[in-house]
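Worksheet: the structure to be examined is printed underneath.
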Amino acid sequence: MTDARLNLRPGTGYPDIPLFQGWGAPSRIEADVYELESYGQVPADLNGRYYRAAYDWAFPPMADDELFINGDGMTAMFHFQNGHVDFKSRFVRTEKFRLERAARRALFGRYRNVYTADPSVRGRVRSTANTHVVWHGGKLLMLKEDGLPWEVDPETLETVGQWDFYGAMTSKTCTAHPSFDPDTGEMFLFGYEAKGEATRDIAYYVVDASGHVTHESWFEAPYPAYIHDFRVSRSHAVFPVSPAATDLDRLKAGGAHWQWDSSKASYIGVLPRYGHGEQIRWIEVPTHAPGHFVNSYDEDGMTVVDVCQGKTGPFPFFFPDVQGNMFDPADMATYLTRWRIDPSDPATPVRVERLDEVVCEFPQIDARREMSRHRDGYFLVMNAGMPAGRLLEAPGDPAFPDGAPDMVPASPAMNGIGHYDFVNGQFTVHALPQGDTAQEVEFVPAYLGAPEGVGYLLALVNRVAERHSDLLIFDAEDVGAGPLGGYKLPVRLSTIHGTWMPEHQLGL
Ligand code: V55
Ligand code: FE
């Protein structure tokens with residue numbers, strides 16, 4: 001009913017979809033919490049900053065089929081000072097964020113589809129800077145694979161601006177997953193769809209410790225594929241291509257950026273670490289869906305790459321199949337897998353070996369072991385606490401000879417924190433309390449020069465029923481014993497990847 005005294009306009013709200021329900025409800029809070037409440041036992045001598053790339057929605061999205069990967073990037077910081085932790089979070093003031101704030105509504109359309117954006121933002125920077133945060137060359141960078149990095153002040157978390165490495169990065173995109181050489185301080189980056197939407201171009205960059213690009217090469221992927229992570233060893237850069245592909249006609253029709261296309265082959269691309277574009281070699285492999293990489297190193301003339309991968313990965317959750325095929329849930333499960341690549345002989349197939357049957361993702365190692373053979377890996381484990389800590393497999397899984405239909409989880413949940421000993425081949429898993437889930441963990445050495453594995457695991461967990469996050473502290477040498485203690489965050493925080501920076505290395 002209208003009333004001449006009132007001047008009403010339609011309300012705005014978030015779509016009524018599972019993404020925005022329960023834990024996923026937009027929070028939109030930029031927080032400053034001084035002296036987080038702690039419990040149990042917490043480290044008394046840790047000094048540094050734990051940065052995480054968070055995502056949230058500043059405005060209701062334009063499309064009702066919004067994806068979690070399209071949230072606005074937010075830098076979150078846990079500042080550790082001798083057992084005391086202060087928390088701060090700020091949205092990254094990307095170009096998208098600023099334009100949408102000015103308009104008080106979303107303008108950029110569907111995830112990575114420029115053709116669905118409001119005409120007023122054609123040609124403007126879409127990146128949400130929401131995936132990873134790294135410290136390199138004296139800068140804190142928020143990364144998203146569809147654009148260039150955004151620099152953020154490491155103390156105030158104020159946005160400095162988009163960063164193109166002193167003008168040297170001419171690629172339109174930059175991965176959220178750099179590799180680092182702990183000996184030289186170099187950072188290795190690449191961009192795919194580097195010349196624009198649905199292009200096959202890949203640009204590869206080596207950045208020295210001072211933040212200057214020292215090497216660049218360009219080459220083409222077999223087709224415009226999703227390349228989320230990669231890894232560099234002391235000798236080679238390794239790029240995964242899986243049949244998640246994009247297509248310009250589909251984008252122009254307003255469609256999804258990615259679709260799984262089982263008619264396409266899978267490849268591993270191998271380039272000498274300082275190689276030129278024409279040296280790229282694409283080795284075909286059985287269909288794979290590599291998720292995140294653990295590490296890569298050279299051994300006996302081979303390049304070894306450890307990765308969490310499945311047959312289709314979690315893609316079907318987000319992206320439809322081109323041919324409309326149904327997915328076998330077992331193909332989505334990701335397992336710790338080892339590739340052995342012979343870089344000297346293009347004819348040698350890559351040896352692919354599954355190392356364990358625990359369903360896991362979001363691998364981490366001690367950052368000082370990158371490019372060296374690692375002993376310890378840390379993971380999120382899916383549906384931990386189910387028998388043997390496994391996700392239900394397709395019938396016929398040798399782990400369940402009598403079948404176990406009642407193991408089918410209502411929904412797969414990352415509810416376990418795991419340690420894998422690569423020497424003994426032993427997985428140790430801590431299952432979180434019923435209903436809680438975990439975000440990617442971080443290994444922090446106990447002290448300067450501590451041996452590999454001697455330190456803490458920081459684990460951000462979702463207290464789903466209580467609707468707040470906790471930062472748990474584990475003894476990294478005894479993950480199975482459960483947390484030593486933790487810090488209570490009075491807000492919900494959903495993050496993707498993060499980085500620990502010891503205070504003495506930040507030089508703030
Ligand atoms: C992923 C995350 C992204 C993205 C593409 O974890 C892939 C996969 C958070 O952003 O844009
Ligand atoms: Fe990632």
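Specify whether the C-alpha gyration tensor of the stretch 7-55 places it in the rounded, prolate or oblate class, a ≥ b ≥ c being the square roots of the eigenvalues: rounded for a/c under 1.5, otherwise prolate if a/b is larger than b/c and oblate if not.
Prolate, since a/c reaches 1.5 and a/b exceeds b/c.
Where in the stretch 324-385 are there trypsin sites (Lys or Arg not before Pro) that are in a DSSP coil and have at most 16 other Cβ atoms within 10 angstrom of their Cβ? Write down the numbers at each step before the final one.
On the way: sites: 338, 340, 351, 354, 368, 369, 373, 375; in loops: 373, 375.
Of the trypsin sites (Lys or Arg not before Pro), the ones in loops of the stretch 324-385 whose Cβ has at most 16 other Cβ atoms within 10 Å are 373, 375.
Considering only protein heavy atoms and a 1.4 Å probe, what is the carbon-and-sulfur percentage of the accessible area of the chain? Show your work: numbers first, answer last.
Numbers: 10580 of 20890 Å².
Here carbon and sulfur together make up 51 percent of the probe-accessible area.
Would you mind working out the accessible area per residue for the chain, using a 1.4 Å probe, and quoting it in Å²? Don't jump to the answer; show the numbers that get you there.
Details: 20890 Å² over 508 residues.
Computed with neighbouring chains in place, this is 41 Å² per residue.
Per-residue ellipticity at 222 nm for the chain, helices alone: DSSP H runs ≥ 4 residues times -39500 (n - 2.57), over residue total, nearest 500 deg cm²/dmol? Before the final figure, lay out the partial values.
Details: 5 runs with 26 residues, N = 508.
Value at 222 nm, helices only: -1000 deg cm²/dmol.
Pull out a ≥ b ≥ c, the square roots of the eigenvalues of the alpha-carbon gyration tensor of the chain, then state rounded if a/c is under 1.5, prolate if not and a/b is larger than b/c, and oblate in the remaining case. Walk me through the intermediate numbers first.
Working: a/c = 1.21, a/b = 1.09, b/c = 1.11.
It is rounded, given that a/c, with a ≥ b ≥ c, falls under 1.5.
Given a 1.4 Å probe and the protein chains all in place, what does the accessible area of residue 84 round to, in Å² to the nearest 10?
90 Å²
The values are calculated or read from the model by the stated rules, or taken from the named source; none is laboratory data. Computed from a prediction, not measured in an experiment: that's the story for all the values here. Neighbour counts are summed over all protein chains in view; Cβ atoms, including those assigned to glycine, are modelled from backbone coordinates with ideal geometry. Protein only, heavy atoms only, side chains kept; ligands, DNA and RNA dropped before computing areas. Shrake-Rupley method; radii C 1.70, N 1.55, O 1.52, S 1.80 Å.
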